[in-house]
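Taking it in order: structure first as structure tokens, then the write-up.
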Amino acid sequence: MTEDGHGASDFELPAEWTVPLAHAVFDQGAMLLAAVDADLRIIATNASVELFPRTPMSRGDDMRAALTRLGLDQPASALVGALSPTGPALRAWQLLPARAADGTLLHLGVGILRVERTTGHTLGLLVTMNDTTELVRAETRFDVVREASESIGASLDVAETARQLADLFVPRLADFAAVHLAESVLAGEEPAVDPATGYTSEVRAGVAHPGEAWPAALVQVGERLPVPPDMPAIRAMESGATLLIPRLDVLPADAVGVVPDNAHSLLAVPLFARGHALGSVQLWRTERREPFDEGDARLLEEVASRAALSVDNARRYTRERNVALALQRSLLPEEGTDEPAAETFAAYLPTSSSAGIGGDWYDMIPLSSLRLAFVVGDVAGHGLQASATMGRLRTAVQALADMDLPPDELLAHVDDLVQRFPIRPSGAAEATGATCLYAEYDPVTGRCRMASAGHPPPAVLGPDGRARFVELTAGPPLGVGGMPFEIAELDLAPGSVLLLYSDGLVSGPDHDLAAGMRRLLDRLEHSDLAHRDLDKVGRELLDAATTGAREDDTTLLLARVRPLPEQDSVVWELPADPEQVARARESSTAQLAVWGLEHLVFTTELVVSELVTNAIRYGEHGPVTLRLVRGRDVLICEVSDAGNTQPRLRRARSTDEGGRGLFLVAQLTRRWGSRYQQSGKTIWAEQEISPATDVWDLGLD
């Protein structure tokens, strides 16, 4: 260090170098230099219009004014302080935003160096200015392309892809951005040209701008765009051409509601993929003064070409999802039923994940003697294959339920069926794994029997408002085989509500099934179901459990049971004696008189005679039970015995003395059938409760 505190020079510049070196520095065009005296006047500079057209300066200019004209207020205010020997000798700023004379946005690096004599006397300042605008633009464009490759296409939702694409360009490249898609693309179909206009009808699918809300005067997201003006440049976009209008001097009348106010530059690129124009991306500049240029167009074209493939992939996924969802819903019954045994409400919500539609299903199956079966199932896998498998399983359950099999035996037969599902030629198994819960409710006894194949247990809300899960031992999922299924039985009080569901209802974001089941019980107890409709409560339960993205399909079935009043059923136990047939007829006739069903006496006597006679004859000498049940619009006659002989309907020959019993029953009743218990069987027949009809035309002649 020298005595005055300044660092010693590391070199001695020869005198003959002084002037040539100064000229060499100031003649270069890589960086703007300006020597400023103590009055902040420029005494030397290389900022000619030829070398630096966007930041020109001249000798004699006030440096503060020159910087202020560029919008560099911070360096301008620092000039005076930089002259002070007590301040830092060097100040520098990186990537300061600035404005050229024509309004073009610039990015400048500015440096201020104090020039002193060795005695400490300040001569002035050396101001450097480095124009990094093109470098910043290149980095911005690279960032846009990189982010586009990372984010666009991550979602298989067409509308979400459009929103992501619009957000990508604001504020980096534009002040307003809009993504327009063909209406058919949003529905999953290929775009189609309107024969009347020659254009593809488009919808505004995604928008972005720096403000909080998209201007109300513009076409909103989801609204159809007006037919564009018939211009060659716009027509060319249908074939994949880019539309670049650097200066929008006057907006056409057709642009009202489409183009933002104060827009002075437009850049539009079609989303062209696999030979189809799926839509377009339109960018506008309003606050940013510089117009779009060819570099911006090339950037948008590159991003749009990638985005178009993502949009088309999302469109194809949407189409497959719509087909699977349509198939799924077509295979499901109505949401609500009103049966004598129960009032029900059921709903199905598809997953919102990209895995595709699952195979959840529900069913309410009327059984014999006013009984009702409730079914909820969940097929493993997603897509059309899961929906098709669900349809096969639902059909199988319905067919087996019509045979009046007990729940455990029914699931065992379905399990055998699933194990026989084929293997695809590629060797990959079909979506065969499934869970299922089958419950049957008897309104005469008020008893519910159920069995589970790997499915969550149902919940019961009692008349007292307390909810609990049924203690049910779940068997293995369908398709595993080798393990039995167990039956659980419970008595349901009048007004009780049975809740069956798939795991999508209880598997929240935390994936904690136990916590989800506790939340379900709590919501059920606070639902006030005793005073509200099932459908309203059911939808509230679905909304509460499926907030946000749904990772799995969700199915819910609510059933408010209705036990049959005691006075609507009567039972007689008869010894296995042929003489008891007459007693059975007399008892039935007397009960019909009590119910006011005298017009059914004739047919009921015939049905009772035939069924009791067959039970005594083939019932393996055990007692016979006769039960009459009066429903809302049906009279049911049941005869139970200890035999396991399968009843068979046949047409007797004219010379036969018997064999017409079940044929008569089939002709006189709406339907008939049999069901088996652990020991013995029950033959049942149903008659419609309606005014007397002609019972003689039985086709016996």
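Overview of values
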item	result
Among the residues listed as Ser310, Ser305, the single one being touching a residue at least 12 places away in the same chain (Cβ under 8 Å), outside the structural domain of Ala386 (by TED's automatic domain parsing) and touching a Phe, Trp or Tyr at 6+ places or on another chain (Cβ under 8 Å)	Ser305
Number of the condition not met by Ala138 [criteria: (1) closer than 20 Å to Phe292 by Cβ; (2) of a type outside the set (Val, Ile, Thr); (3) in contact with a strand residue (DSSP E or B) (Cβ under 8 Å, 6 or more places away or on another chain)]	(3)
In the stretch 441-475, the residues that are touching a residue at least 60 places away in the same chain (Cβ under 8 Å) and among the aromatic types (Phe, Trp, Tyr)	Tyr441
Conditions (1) assigned by TED's automatic domain parsing to the domain that holds Arg146; (2) out of contact with any helix residue (DSSP H, G or I) (no Cβ under 6 Å at 6 or more places or on another chain); (3) among the small types (Gly, Ala, Ser): number failed by Ala342	(1)
Failed item in (1) closer than 29 Å to Phe374 by Cβ; (2) crowded, with 19+ Cβ neighbours inside 10 Å, with Thr603 passing the rest	(1)
Flag for Glu440 being among the acidic types (Asp, Glu) and part of a loop (DSSP other than H, G, I, E, B)	no
Asp577 vs. criteria assigned by TED's automatic domain parsing to the domain that holds Ala373, touching a residue at least 12 places away in the same chain (Cβ under 8 Å) and part of a loop (DSSP other than H, G, I, E, B)	no
Residue list for the stretch 76-97, filter: hydroxyl-bearing (Ser, Thr, Tyr) and either touching a His at 6+ places or on another chain (Cβ under 8 Å) or at pLDDT 85 or above (or both)	Ser77, Ser84
Residue identified as assigned to a loop (DSSP other than H, G, I, E, B) and either surrounded by fewer than 21 Cβ atoms within 10 Å (Cβ to Cβ) or at pLDDT below 90 (or both) among Ala530, Ala549	Ala549
Residue among Gly111, Gly124, Gly87 that alone is surrounded by 11 or more Cβ atoms within 10 Å (Cβ to Cβ) and within 15 Å of Met31 (Cβ to Cβ)	Gly111
Count of residues meeting criterion [polar (S, T, N, Q), closer than 26 Å to Val203 by Cα, at pLDDT below 85 and in a helix (DSSP H, G or I)] in the stretch 126-181	2
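To keep it simple, each residue is scored yes or no on (1) aliphatic (A, V, I, L, M); (2) surrounded by 14 or more Cβ atoms within 10 Å (Cβ to Cβ).
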residue: Pro443; (1), (2): no, yes
residue: Ser452; (1), (2): no, yes
residue: Glu471; (1), (2): no, no
residue: Glu489; (1), (2): no, no
residue: Leu500; (1), (2): yes, yes
residue: Leu505; (1), (2): yes, yes
residue: Arg519; (1), (2): no, yes
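One line per residue, one yes/no per condition, for (1) under 18 Å from Asn130 (Cβ atoms); (2) touching a residue at least 60 places away in the same chain (Cβ under 8 Å); (3) surrounded by fewer than 20 Cβ atoms within 10 Å (Cβ to Cβ):
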| site | (1), (2), (3) |
| --- | --- |
| Pro53 | yes, no, yes |
| Asp62 | no, no, yes |
| Ala66 | yes, no, no |
| Leu70 | yes, no, no |
| Gln74 | yes, no, yes |
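Let's see how each residue does on (1) closer than 21 Å to Trp672 by Cα; (2) of a type in the set (A, V, I, L, M); (3) surrounded by 15 or more Cβ atoms within 10 Å (Cβ to Cβ):
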position: Leu557; (1), (2), (3): no, yes, yes
position: Arg562; (1), (2), (3): no, no, yes
position: Glu566; (1), (2), (3): no, no, no
position: Trp572; (1), (2), (3): yes, no, yes
position: Thr589; (1), (2), (3): yes, no, yes
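The values are calculated or read from the model by the stated rules, or taken from the named source; none is laboratory data. Given the structure is predicted, the values throughout are model-derived calculations rather than measurements. In this analysis, Cβ positions are derived from the backbone assuming ideal geometry, glycine residues included, and neighbour counts consider all displayed protein chains.
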